[in-house]
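Peer 1: Take a look at this one; I'll ask things after.
The values are calculated or read from the model by the stated rules, or taken from the named source; none is laboratory data. Bear in mind the structure is a predicted one, so any value in this text is a computation, not a measurement. We place every Cβ from the backbone using ideal geometry, glycine too, and count neighbours over all the protein chains shown.
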Amino acid sequence: MKKRLLDTHTFIWLDSFPENLSPLALTACENRRNEMYLSVVSVWEMMIKIHKQRLTLRIPLREMIQGQQEINGVKLLPVELSHVYALEGLPLNHNDPFDRLLVAQAIAEQMVLVSADSKLIFYPVEIIW
């Protein structure tokens with residue numbers, strides 16, 4: 001069993017636009033032998049974008065998360081102090097603080113990050129896309 005951490009866009013696409021996922025990402029998300037995680041960092045990022053009217057979801061965010069927890073067994077990953085400390089060793093290849101923290105969480109928790117973000121390949125984390 002492998003732990004998969006969904007990038008924010010991956011979570012949204014899994015819920016609302018699965019055709020946007022690569023075949024490999026979709027297979028990883030649909031494989032029930034994998035543990036799927038959504039970071040609280042991504043929930044925070046989506047909430048900020050919704051508030052700024054830069055993101056519109058098909059249903060309220062709370063319902064989307066609950067639905068994915070039920071349908072795909074997505075678990076929530078809290079932010080721990082060890083995740084924040086893991087940022088210290090990361091190069092500044094990516095300016096997005098949400099993505100950097102997702103990378104740090106994936107490294108600290110030994111997870112595979114499911115993301116289409118090509119800027120993340122410069123970090124020492126396994127990525128599926």
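Peer 1: Name the single residue, out of those in segment 12-34 being touching a helix residue (DSSP H, G or I) at 6+ places or on another chain (Cβ under 7 Å) and over 20 Å from Gln110 (Cβ atoms), that is surrounded by the most Cβ atoms within 10 Å (Cβ to Cβ).
Peer 2: Ranking the candidates gives Leu14 first.
Peer 1: May I pose another question? Quick check on my filter: what residues within segment 70-88 are closer than 25 Å to Cys29 by Cβ, β-branched (Val, Ile, Thr) and surrounded by 11 or more Cβ atoms within 10 Å (Cβ to Cβ)?
Peer 2: Step one: list which residues in segment 70-88 are closer than 25 Å to Cys29 by Cβ, which gives 70-80, 83, 86.
Cutting the leftovers down to β-branched (Val, Ile, Thr) gives us 71, 74, 79.
The answer is Val74, Val79.
Peer 1: I'd like the full set of residues that are under 25 Å from Pro97 (Cβ atoms), assigned to a helix (DSSP H, G or I) and of a type in the set (D, E, K, R), limited to segment 44-64.
Peer 2: Glu45, Lys49, Arg62
Peer 1: I need a count of the residues in segment 1-34 that are in a helix (DSSP H, G or I) and not aliphatic (A, V, I, L, M).
Peer 2: Selection size over segment 1-34: 14.
Peer 1: Shifting gears a bit: Which one is modelled with the lowest pLDDT among residues in segment 65-80 that are assigned to a helix (DSSP H, G or I) and under 18 Å from Asp7 (Cβ atoms)?
Peer 2: Checked segment 65-80; the qualifying residue modelled with the lowest pLDDT is Asn72.
Peer 1: Continuing with the same structure: Take Glu63 and decide whether it is acidic (Asp, Glu), within 15 Å of the chain's Cα centre (by Cα) and surrounded by fewer than 17 Cβ atoms within 10 Å (Cβ to Cβ). Let's see the steps before the verdict.
Peer 2: Numbers: acidic (Asp, Glu): yes; within 15 Å of the chain's Cα centre (by Cα): no; surrounded by fewer than 17 Cβ atoms within 10 Å (Cβ to Cβ): yes.
So Glu63 fails the test.
Peer 1: With respect to Ala86, determine if the residue is more than 26 Å from Ser16 (Cα to Cα), among the aliphatic types (A, V, I, L, M) and part of a helix (DSSP H, G or I).
Peer 2: Criteria met by Ala86.
Peer 1: Could you list, in sequence order, all residues of segment 89-127 that are surrounded by fewer than 18 Cβ atoms within 10 Å (Cβ to Cβ), of a type in the set (A, V, I, L, M) and either touching a residue at least 24 places away in the same chain (Cβ under 8 Å) or outside any loop (DSSP other than H, G, I, E, B) (or both)?
Peer 2: Those that are surrounded by fewer than 18 Cβ atoms within 10 Å (Cβ to Cβ), of a type in the set (A, V, I, L, M) and either touching a residue at least 24 places away in the same chain (Cβ under 8 Å) or outside any loop (DSSP other than H, G, I, E, B) (or both): Leu90, Ala108, Val112, Ala116, Ile121.
Peer 1: Check segment 35-43 and report whether any residue there is surrounded by fewer than 20 Cβ atoms within 10 Å (Cβ to Cβ), of a type outside the set (Val, Ile, Thr) and assigned to a loop (DSSP other than H, G, I, E, B).
Peer 2: Within segment 35-43 (the criterion being surrounded by fewer than 20 Cβ atoms within 10 Å (Cβ to Cβ), of a type outside the set (Val, Ile, Thr) and assigned to a loop (DSSP other than H, G, I, E, B)), the answer is no, since none of the residues qualifies.
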